[in-house]
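Notes follow the structure.
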Amino acid sequence: MTRTLLVTGATSGFGRACAELFAARGWRLVLTGRRGDRLAELQRQLAPAEVYTASFDVRRRDEVEAMYAALPEGFRDIDVLLNNAGLALGLAAAHETDLDQWETMVDTNIKGLLYMTRRFLPDMVRRRCGHIVNIGSVAGSWPYPGGNTYGATKAFVQQFSRNLRADVHGTGVRVTNIEPGLAESEFSLVRFDGDSDKAAKVYEGTEPLTPADIAEIVLWTVERPAHVNINCVEVMPTCQSWASLAVARKS
Ligand code: NDP
Ligand code: 8X3
């Protein structure tokens, strides 16, 4: 039977790579994001895959509800919800940062993920099957300077994923949190407000993860047999590990 994947943030990076990989594996797709032109182009690219697109902002609860209500017959039973839409804004220290950026990260990475999960989870529990795959980050476990609110939103995603598992205990619904490290996408371009030189420097001299690497992990996670729940996957490129603890020395 054809299974259906809903991806938030399919217009770029991990979400787009997942759309491409799952389409090639014969999945039916609901692809979402704010940039409708990109969704339309992706739908054309993936033909003849069965694709429905919905352009909306995950921060808007009313838009999430409207998207759900408008899902056509055949795209209503979501087998896998990939909560991928998210962003980091800036890298300033907490005492210097822009509060609006913090609010946007909280609204997108936390509240958007909550709205989507709360909307689709009851159907999964009712059907006694389904899989919520959240995209967390190594930043949810490992602090770094300037990671402040971004890392904290991903720590929320990590703990929310664990708590979800506790709530759906015995229902057959699965929950996974995938926690990637350095990966090249539009992530840094967004973080640095479109400054492509600054964004390129993040990856300079490294061999980062690619969106295709993450898509392979998502696919592996959801294609495990129904009795296997991958709780979390933490993944970094080989060139990345933990920095040593910092010590401020007297000059
Ligand atoms: P990209 O910037 O390439 O993609 C982000 C996606 O999120 C876009 O499709 C964007 O679509 C969507 N998005 C952002 N805000 C909203 C919104 N308000 N409503 C709907 N969609 C939204 O980054 P990545 O692919 O790298 O990021 C995907 C996820 O992976 C994020 O949650 C990120 O935090 C996480 N991550 C990234 C890592 C990295 O190093 N790249 C590492 C670890 C985690 P649109 O703008 O069209 O709305
Ligand atoms: C993205 C990875 O290290 O830039 O979540 O926070 S990092």
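The values are calculated or read from the model by the stated rules, or taken from the named source; none is laboratory data. Remember, it's a predicted structure, so these values are computed and weren't measured experimentally. Virtual Cβ from ideal backbone geometry, glycine too; neighbours counted across all protein chains shown. These accessible areas exclude ligands, DNA and RNA; they are computed on the full protein's heavy atoms, side chains included. Shrake-Rupley method; radii C 1.70, N 1.55, O 1.52, S 1.80 Å.
If you go through region 208-237 and keep only what is assigned to a helix (DSSP H, G or I) and either out of contact with any strand residue (DSSP E or B) (no Cβ under 8 Å at 6 or more places or on another chain) or of a type in the set (A, V, I, L, M) (or both), you end up with ALA212, ILE214, ALA215, GLU216, ILE217, VAL218, LEU219, TRP220, VAL222.
With respect to the conditions (1) touching a residue at least 24 places away in the same chain (Cβ under 8 Å); (2) within 20 Å of THR149 (Cα to Cα); (3) open to solvent by 50 Å² or more (accessible area, probe 1.4 Å), THR2 lacks only one, and its number is (2).
Taking GLU216 as the residue in question, decide whether it is open to solvent by 50 Å² or more (accessible area, probe 1.4 Å), more than 10 Å from ligand 1 (Cβ to nearest atom), closer than 30 Å to ILE132 by Cβ and modelled with pLDDT of 95 or more.
For GLU216, the condition - open to solvent by 50 Å² or more (accessible area, probe 1.4 Å), more than 10 Å from ligand 1 (Cβ to nearest atom), closer than 30 Å to ILE132 by Cβ and modelled with pLDDT of 95 or more - is met.
Only one of the numbered conditions (1) open to solvent by 70 Å² or more (accessible area, probe 1.4 Å); (2) out of contact with any Ser or Thr (no Cβ under 7 Å at 6 or more places or on another chain) is not met by GLU184, and that is (2). Screening GLY205 on (1) in a loop (DSSP other than H, G, I, E, B); (2) in contact with a strand residue (DSSP E or B) (Cβ under 6 Å, 6 or more places away or on another chain) shows it passes everything except condition (2). Of everything listed in (1) of a type outside the set (A, V, I, L, M); (2) within 13 Å of ligand 2 (Cβ to nearest atom); (3) in contact (Cβ under 8 Å) with a residue 24 or more places away in the chain, the single unmet condition for CYS232 is (2). Name the single residue, out of those in region 1-39 being β-branched (Val, Ile, Thr) and part of a loop (DSSP other than H, G, I, E, B), that is nearest to ligand 1 (Cβ to nearest atom). Per the stated criteria, the residue is THR11.
Quick one: in region 72-90, which of the residues that are charged (D, E, K, R) and either in contact with a Ser or Thr (Cβ under 7 Å, 6 or more places away or on another chain) or within 16 Å of ligand 1 (Cβ to nearest atom) (or both) is farthest from GLN158 (Cα to Cα)?
The qualifying residue farthest from GLN158 (Cα to Cα) is ASP77.
Among the candidates GLY205, GLY130, the residue that is over 15 Å from the mean Cα position of the chain (by Cα) and within 30 Å of ARG3 (Cα to Cα) is uniquely GLY130. Filtered by the rule that a residue be within 16 Å of ligand 2 (Cβ to nearest atom) and either open to solvent by 60 Å² or more (accessible area, probe 1.4 Å) or assigned to a helix (DSSP H, G or I) (or both), region 54-102 gives LEU91, GLN101, TRP102.
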